[in-house]
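Visitor: Just passing along the structure, written as structure tokens.
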């Protein structure tokens, strides 16, 4: 297990897991790690490339990219990796992708390069996509804890100004009942208070970004 780039995972601030974003209307579903315009991005663990995606701009070689819906804001390009540990990794805001769908990659292998926004957005998910109507954060884990071999899911923390949109966890939306809150946490593997993102060893935008 390693971080996608040789940075440290932020423990506080806008780049941290579960940080409040968009004026408190949503929670950050991953972590943002510093990355230069030509730095490589590495696979956090061995696994299979499930999807490569792009948003917001066309490419002449677009046929080599799958375009699953719902990746708006994760561009310009990114990778979805199914790890051998049983989790999925989203690596977004890359300027180029070096792998193809169905390809096996080893931990530490380059999967992409460069970021015009100077960071890679990394999510560790318990499912490749959230259930219909759910927020992405409901299927994410603390990346710092994952590096330590622990699974710390979202388990009920709400943004300061929750809304009815899908960016807000279902249990936090106006009108949500206690029963829906409980079932949501159980269904997504929640339990216990969410831990703060961990300051991990070297290697560290929607519901992301």
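The values are calculated or read from the model by the stated rules, or taken from the named source; none is laboratory data. Everything numeric here is computed off the predicted structure, so don't read it as measured data. All Cβ positions, even for glycine, are placed from backbone atoms using ideal geometry, and neighbour counts span all protein chains on display.
Visitor: In region 9-20, which residues are over 21 Å from residue 88 (Cα atoms) and in a loop (DSSP other than H, G, I, E, B)?
Guide: From region 9-20, those over 21 Å from residue 88 (Cα atoms) are 11-14, 20; that's our starting set.
Once the filter is applied, which keeps residues that are over 21 Å from residue 88 (Cα atoms) and in a loop (DSSP other than H, G, I, E, B), region 9-20 yields 11, 12, 13, 14.
Visitor: Within region 21-46, can you find the residues that are modelled with pLDDT of 90 or more, in a strand (DSSP E or B) and surrounded by fewer than 23 Cβ atoms within 10 Å (Cβ to Cβ)?
Guide: 34, 40, 42
Visitor: Are any residues in region 47-84 under 20 Å from residue 137 (Cβ atoms), surrounded by fewer than 22 Cβ atoms within 10 Å (Cβ to Cβ) and modelled with pLDDT of 95 or more, and if so, which ones?
Guide: Within region 47-84, 82, 83 meet the criteria.
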